[in-house]
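Everything on this sheet refers to the single structure shown next.
The values are calculated or read from the model by the stated rules, or taken from the named source; none is laboratory data. Since the model is a prediction, treat every value here as computed from it, not as a measurement. Neighbour counts run over all protein chains shown; Cβ positions are idealised from the backbone, glycine included. Please note that ligands, DNA and RNA were not included when accessible areas were found on the heavy atoms of the full protein model with its side chains. Shrake-Rupley method; radii C 1.70, N 1.55, O 1.52, S 1.80 Å.
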Amino acid sequence: MISDMDCLKVGKSAPNFRATAVYDQEFIQIQLAEYLGKYVVLFFYPLDFTFVCPTEIIAFSDQYERFQDINTEILGISVDSEYSHLAWIQTDRGAGGLGDLKYPLVSDLKRTISASYNVLSDDGVALRGLFIIDKEGIVQHSLINNLEFGRSIDETYRTLQAIQYVQSHPDEVCPADWKPGEKTMVPDPVKSKEYFTAI
């Protein structure tokens, strides 16, 4: 059993894992450490062949190139087997399936990954956890929804852009709802007034 001390925290290293995934309708072995040098959007979902889950999974796939353009990979994870993932991908979207995806779906059948990211529910499925991991392998953002409602791909993308901006501009911070091209502020009692007087 993984203790709370072993679970991830924002600002700390993302727990590494090695697992079987389905990508391009084939089984592959991946580990999170292979993605160092890129940003990663790692999202958990409860179960294959359910209802809210395909809307999120397909939306991430449909916007995959947008994330690629800012040096980011996407990984989806549930407690289903790789065989279940493959069957769901091979099911047409009109029949409740996923169709082809542009990123891997990871199998967490033993539930060790879900436990290490502290998203495992009492019922043994993953809550809708989403983590943005930077290119150094550090968790920069954590969001966990309950099972009944989905996440915003656009807000994930916006948050990722803000993370990348402040990492490349360490003397600035991003205010609420910030988007590229908008004003940032300097985290200083005097200099921050430049932002507040301009809005």
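Okay, here's what the table says:
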{"quantity": "Within the range 69-80, tally of residues that are in contact (Cβ under 8 Å) with a residue 12 or more places away in the chain and charged (D, E, K, R)", "calculated": "2"}
{"quantity": "Filter result for Asp92 (open to solvent by 60 Å² or more (accessible area, probe 1.4 Å) and among the acidic types (Asp, Glu))", "calculated": "yes"}
{"quantity": "Within the range 72-88, tally of residues that are open to solvent by less than 10 Å² (accessible area, probe 1.4 Å) and in contact with a strand residue (DSSP E or B) (Cβ under 7 Å, 6 or more places away or on another chain)", "calculated": "8"}
{"quantity": "Out of Asn16, Asn71, sole residue that is at positive phi and under 15 Å from the mean Cα position of the chain (by Cα)", "calculated": "Asn71"}
{"quantity": "Contacts under 6 angstrom Cβ, first residue in the range 41-68 being free of Cβ contacts under 8 Å to residues at least 24 places away in the same chain, partner buried (at least 20 other Cβ atoms within 10 Å of the Cβ), 6 or more apart", "calculated": "none"}
{"quantity": "In the range 146-199, residue most open to solvent (accessible area, probe 1.4 Å) [restricted to those that are assigned to a loop (DSSP other than H, G, I, E, B) and acidic (Asp, Glu)]", "calculated": "Glu148"}
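Residue by residue, here is whether (1) of a type outside the set (Ser, Thr, Tyr); (2) in contact with a helix residue (DSSP H, G or I) (Cβ under 6 Å, 6 or more places away or on another chain); (3) open to solvent by 30 Å² or more (accessible area, probe 1.4 Å); (4) under 22 Å from Ser152 (Cβ atoms) holds:
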position: Asp24; (1), (2), (3), (4): yes, no, yes, no
position: Ile28; (1), (2), (3), (4): yes, no, yes, no
position: Phe43; (1), (2), (3), (4): yes, no, no, yes
position: Glu65; (1), (2), (3), (4): yes, no, yes, yes
position: Gln68; (1), (2), (3), (4): yes, no, yes, yes
position: Lys110; (1), (2), (3), (4): yes, no, yes, no
position: Tyr117; (1), (2), (3), (4): no, no, no, yes
position: Arg128; (1), (2), (3), (4): yes, no, no, yes
